[in-house]
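Undergrad: One structure follows; several queries about it will come next.
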Amino acid sequence: MVMSFFRRGDAGLEAITARTVSMLADARHSFDLASTALLSGADVATVAEDVRATDDRINRAEQDLRGELVVHVSVQGSEDIGEVLGYTLLIKKIERIGDQAKNILDLAEEGVDLSGAADEKELTRHRRTISEMMGEAADLLTDHDPERAAAYREKSDVLRRELEAKIRECMHSELPGNEVVPRAILYRYWKRIVANLGGVVTTATEPLQHHGYLDDGATDIDD
């Protein structure tokens, strides 16, 4: 079954969509703040409280939306069960993105500071691309376009593979552990964020049973 829940005229689902977009905006906010602390040398203490408060807000929103989805399907009946299941998966992916943003903050709180590093420009490029992809994902949730969604998924797959290659590069690096390990962890967090963003955007265009997979369900991209 392919999702079709970005429907005009269904006030209940449109309201849920709006709250879902707000969750994604919060996740982007946390990601940008945590990345600033890690890559730009910003004072960790000045952003930590905001990141954790935002993560709490994302978690509460997920729980509230679950309740609203239960109410929606109880009122509308089984006709909307596919849409409700799709939304449940979607908001969980956004909640996971928020978790990964908090994990990036944890790196900074452990004393990792990548500002001024030799690969700072490359790291900053990845950070900027991922942040922009969060904004584009929010746009696609409110103005769903299957062609744009397909192009987005292709872009996210390319970036995910690029990040996987960086992780493998770290595994075989001869640099000191205190340089390699934080980068490998960061690239893994980024990979998870990108995979979840791809899943968020294509929730409405892929069969429900294939969410989180590629190649008609043969390749698992969630870890």
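The values are calculated or read from the model by the stated rules, or taken from the named source; none is laboratory data. These numbers come from a predicted model, not from an experiment. Reconstructed Cβ throughout: ideal geometry from the backbone, glycine too, with neighbour counts over all protein chains shown. When the accessible area is computed, the model is the full protein with side chains, heavy atoms only, and any ligands, DNA or RNA have been set aside. Shrake-Rupley method; radii C 1.70, N 1.55, O 1.52, S 1.80 Å.
Undergrad: Report, as a whole number in µm² per second, the diffusion coefficient that Stokes-Einstein gives for the stretch 55-121 at 25 °C and 0.890 mPa s using the Kirkwood radius over alpha carbon pairs.
TA: In µm²/s, the coefficient is 171.
Undergrad: Within the stretch 60-142, list the GluC sites (Glu not before Pro) lying in a DSSP loop whose Cβ has at most 13 other Cβ atoms in a 10 Å radius.
TA: Hits after loop and neighbour filter: 110.
Undergrad: Measuring with a 1.4 Å probe in the full set of protein chains, what accessible area per residue, in whole Å², belongs to the stretch 97-140?
TA: Accessible surface, normalised per residue, equals 43 Å².
Undergrad: Let's test this: bin the Cα-Cα distances of the stretch 72-173 at 5 Å from zero up to the farthest pair and state each bin's percent.
TA: Percent of Cα pairs in each bin: 2, 9, 12, 20, 19, 13, 10, 7, 4, 3, 2, 0.
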